[in-house]
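Novice: One structure follows; several queries about it will come next.
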Amino acid sequence: MKLLLIHSDYIEYECTKEALKDGFEEIDDDRKTGRMEEALTVFTSVEKCDEKVQAEVIAEAVKQIQEVAGQVNTDRVMLYPYAHLSSELAAPKQAREISIALGEALVKSGLDVKRSPFGWYKAFKLSCKGHPLSELAREIRFEPGAEKKDEEAITREDVVKDIDSEYIVLTPEGGELRLDLEYLDDYNELNKYPSLKSFIEVEELHRQTSGAPPSIKAMQRLELVDYEEVSDAGHFKLYPKGKLMFKLLEEWSGMIAQQLNAIEIDTPIMYDWSSPDIREQGISFHSRHYTIQLPDEKREFVLRFAGDFGLFRMMKNAILSYKQLPVKIYEFSKSFRLEQRGELSGLRRLRAFHMPDIHAFAKDMADGWGEFAEIYKKYIDFNHGTNVENVLAFRIVKDFYDDSKEKIIELLKYAGQPAFIELLSEKKHYWVVKYESHALDSVGGNCQLNTVQLDVEDAERYGIVYTDSDGSQKGCIICHCSIGSIERWIYSLLENALKSEKPELPFWLAPTQVRLIPVREEFIDDCSVIADALPGRVDIDDRDEKVGRKIRDAEREWISMIIVFGGKEKESGKLPVRTRTGDIKEMELDSLKHDIIERLKDFPFLTLSLPRLLSKRIIFRG
């Protein structure tokens, strides 16, 4: 980037016509003219070499302009795109985005900034003050690849190294147990909360788990999910039964968003990595970025690792008033993170996943906390609906905890669980409080599911502002919320089931809820009549196999209810319902209907994903 800086008595301009066929800035009439007095006029040429180091170039330009403005004793800047300073110009789209982002960054630095429109022919008048510092030139260049080195240098450890942590267990009754993690085994009180103690050992002390999670073999044997050898590692395929579970979890996530009156959107999965706002947001997350280079494009694209990219750009351009807040926005976002190959572990850690995200935008901390609490309670309800063993954790800035302890206790009372609390001496990220729910797997490990984060920084950083009652522009308080990736929920459901001698999925999520086993071919039609009469997902094992084999196969599929049907059952009208406990209860058809309806109450429902008759089904894994 090249800069020409002129300390001016005044600068005024008038747009005459578009200078570019594509890429010019669309403006209202009031921006076609402009004037600024007692200002530092900054003519800028964005160059091709700036395209891949946009964030760095902008940061350095802000530093240089601030320095010169201080030297000439002004805080007023007119930013003027001026292509004639360089013969190696950036592409118009990138140059426009960098020019706009530079203006926004200068405003955030505290300067009074006006910016003439990009991509227009303009007539202008300027009066230069004529003192020794009134005319200066600057050139900003970064070596290719320097930005990647800088990004890699910014690690999570760098961010948190100066932040001190204290640890406590907080109970729903308000009791606090302060912990020194080096002596965790000395706290006998923790034995009352074995799940919480196990979580602390693995998450905070990094104790090893007892092996590979058995859900990997189970998801394959049950024909739910499998690896795809010709895809990238960490990408999976869903068989019909797995897709059914996926859709039910997705639908339930959507139902919760509807209950919260969230607005649903959809945004792209990939973004120009050279765009300053995208790069700044990506670097701030310290994530492993999944980038691609298209054969007919010189630009590098990043695959989103969360729904924030598209949403924040959408909200930045939205016109928001305090009257419209708070507002919640929901997106079911397929996301990508380039996890290290050695860290990939079944559905627990992968490279492509689906996140049901909710972002709530509020006008102040009081409303922001209201949104936090409301969404937290919905997520707790979701957790209870899956019966997955989980623990609660909060990461909280200590000052916020001291002011909000009673509110945190109210959240724990709602969940009926204690929580592990990490108290931070200062913010380690954009939030002041972060809730996490962690599922405990069958090998002593854990994985994060829900999260709700109260963000006090990002709105102003990314230009998401609303007009307050006094007409001023203010940044929103943002709640970042996710119920947890669908893939991790399937992992947690399988792992939770595998802790039992006879594993079982929650009834509403079971691919087959009731299996009818006719003792002979002549009873297949009777079973079809029963299947038609029952709610739920009911299939019929009409294969030419012995009844004992059919029962064993149904048990291996974790079928919740198994009914063997023959002449005795036809004559009596009583159905012998075998559950996963091994108990057999005789029920009349109407009683069984009522039982199934009660089990399905309030949960989403989908029909069978495979033919009702097992003889008609494809075998995906031999």
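Novice: Only one of Gly342, Gly346 is open to solvent by less than 50 Å² (accessible area, probe 1.4 Å) and either touching a residue at least 12 places away in the same chain (Cβ under 8 Å) or over 19 Å from the mean Cα position of the chain (by Cα) (or both). Can you tell me which? If you could, list the steps in order and put the result at the bottom.
Specialist: Working: Gly342 fails: open to solvent by less than 50 Å² (accessible area, probe 1.4 Å).
The conditions single out Gly346.
Novice: Could you tell me how many of the residues in the range 50-76 are in contact (Cβ under 8 Å) with a residue 40 or more places away in the chain and under 24 Å from Ile6 (Cβ atoms)?
Specialist: Going residue by residue through the range 50-76, those that are in contact (Cβ under 8 Å) with a residue 40 or more places away in the chain are 50-62, 64-66, 68-69, 71-72, 74, 76.
From what is left, the residues that are under 24 Å from Ile6 (Cβ atoms) are 50, 57-62, 64-66, 68-69, 71-72, 74, 76.
Total satisfying the criteria: 16.
Novice: Quickly run through the range 157-184 and pick out the residues that are at pLDDT below 90 and surrounded by 11 or more Cβ atoms within 10 Å (Cβ to Cβ).
Specialist: Val159, Val160, Ile163
Novice: Same structure again: Which of the residues spanning the range 242-290 are touching a residue at least 24 places away in the same chain (Cβ under 8 Å) and among the polar types (S, T, N, Q)?
Specialist: Ser253, Gln259, Asn261, Thr267, Ser274, Ser275, Gln281, Ser284, Ser287
Novice: If you don't mind, another one. Quick check on this structure: which one of Ser231, Ser198, Ser210 is of a type in the set (Gly, Ala, Ser), modelled with pLDDT of 90 or more and exposed (fewer than 13 other Cβ atoms within 10 Å of the Cβ)? If you could, list the steps in order and put the result at the bottom.
Specialist: Working: Ser198 fails: exposed (fewer than 13 other Cβ atoms within 10 Å of the Cβ); Ser210 fails: modelled with pLDDT of 90 or more.
Result: Ser231 is the single residue among Ser231, Ser198, Ser210 that is of a type in the set (Gly, Ala, Ser), modelled with pLDDT of 90 or more and exposed (fewer than 13 other Cβ atoms within 10 Å of the Cβ).
Novice: Also: Going through the range 360-408 one residue at a time, which ones are closer than 24 Å to Ile265 by Cβ, modelled with pLDDT of 95 or more and open to solvent by less than 10 Å² (accessible area, probe 1.4 Å)?
Specialist: Within the range 360-408, Ala360, Phe361, Ala362, Gly368, Phe372, Ile375, Tyr376, Tyr379 meet the criteria.
Novice: Confirm whether Gly368 is of a type in the set (Gly, Ala, Ser), within 30 Å of Asp403 (Cα to Cα) and within 21 Å of the chain's Cα centre (by Cα).
Specialist: So Gly368 passes the test.
Novice: For the structure I just gave you, tell me whether Ser86 is of a type outside the set (Asp, Glu), under 24 Å from Ser274 (Cβ atoms), buried (at least 17 other Cβ atoms within 10 Å of the Cβ) and out of contact with any helix residue (DSSP H, G or I) (no Cβ under 7 Å at 6 or more places or on another chain). I'd like the intermediate steps shown before the answer.
Specialist: Numbers: of a type outside the set (Asp, Glu): yes; under 24 Å from Ser274 (Cβ atoms): yes; buried (at least 17 other Cβ atoms within 10 Å of the Cβ): yes; out of contact with any helix residue (DSSP H, G or I) (no Cβ under 7 Å at 6 or more places or on another chain): yes.
Judged against the criteria, Ser86 is a match.
Novice: Could you look through the range 428-461, keep only residues that are in a loop (DSSP other than H, G, I, E, B) and surrounded by 22 or more Cβ atoms within 10 Å (Cβ to Cβ), and pick out the one that is modelled with the lowest pLDDT?
Specialist: Quick first cut of the range 428-461, residues in a loop (DSSP other than H, G, I, E, B) only: 428-430, 441-445, 456-457.
Then drop every residue that is not surrounded by 22 or more Cβ atoms within 10 Å (Cβ to Cβ), which leaves 441, 445.
Values: Asp441: 91, Gly445: 88.
Per the criteria, the residue is Gly445.
Novice: Would it be correct to say that Glu223 is touching a Phe, Trp or Tyr at 6+ places or on another chain (Cβ under 9 Å), open to solvent by less than 30 Å² (accessible area, probe 1.4 Å), modelled with pLDDT of 95 or more and acidic (Asp, Glu)?
Specialist: On the way: touching a Phe, Trp or Tyr at 6+ places or on another chain (Cβ under 9 Å): yes; open to solvent by less than 30 Å² (accessible area, probe 1.4 Å): yes; modelled with pLDDT of 95 or more: yes; acidic (Asp, Glu): yes.
Criteria met by Glu223.
Novice: Related question: For the range 551-584, what are the residues that are basic (Lys, Arg), over 20 Å from Leu505 (Cβ atoms) and free of Cβ contacts under 8 Å to residues at least 40 places away in the same chain? Show your work before the answer.
Specialist: Our first condition is that a residue be basic (Lys, Arg); within the range 551-584, this holds for 552, 556, 568, 570, 574, 578, 580.
Then drop every residue that is not over 20 Å from Leu505 (Cβ atoms), which leaves 568, 570, 574.
Within the range 551-584, Lys568, Lys574 qualify.
Novice: Any residue at all in the range 469-484 that is free of Cβ contacts under 8 Å to residues at least 24 places away in the same chain and either aromatic (Phe, Trp, Tyr) or in a strand (DSSP E or B) (or both)?
Specialist: Initially, the range 469-484 is screened for residues free of Cβ contacts under 8 Å to residues at least 24 places away in the same chain, giving 470-473, 475.
Narrowing further to those that are either aromatic (Phe, Trp, Tyr) or in a strand (DSSP E or B) (or both): 473, 475.
Scanning the range 469-484, I find at least one residue that is free of Cβ contacts under 8 Å to residues at least 24 places away in the same chain and either aromatic (Phe, Trp, Tyr) or in a strand (DSSP E or B) (or both), so the answer is yes.
Novice: Take the residues in the range 299-339 that are touching a His at 6+ places or on another chain (Cβ under 9 Å) and among the basic types (Lys, Arg); name whichever of them is least open to solvent (accessible area, probe 1.4 Å).
Specialist: Checking each candidate, the answer is Lys328.
Novice: Name the single residue that is farthest from the chain's Cα centre (by Cα) among those in the range 565-621 being open to solvent by 90 Å² or more (accessible area, probe 1.4 Å) and of a type in the set (Val, Ile, Thr). Spell out how you get there, then give the answer.
Specialist: Just the residues of the range 565-621 that are open to solvent by 90 Å² or more (accessible area, probe 1.4 Å), to begin with: 568, 570-571, 581, 583-586, 588, 590, 594, 597-598, 601-602, 607, 616, 618-619, 621.
Of the ones still in play, those that are also of a type in the set (Val, Ile, Thr) are 581, 584, 597, 607, 618-619.
Numbers: Thr581: 38, Ile584: 44, Ile597: 33, Thr607: 29, Ile618: 35, Ile619: 35 Å.
Here the residue is Ile584.
The values are calculated or read from the model by the stated rules, or taken from the named source; none is laboratory data. None of these values were measured; they are calculated from a predicted model. Cβ coordinates were reconstructed from backbone atoms using ideal geometry, including for glycine residues, and neighbour counts include every protein chain displayed. The protein model used for the area step is the full one, side chains on, heavy atoms only, and it has no ligands, DNA or RNA in it. Shrake-Rupley method; radii C 1.70, N 1.55, O 1.52, S 1.80 Å.
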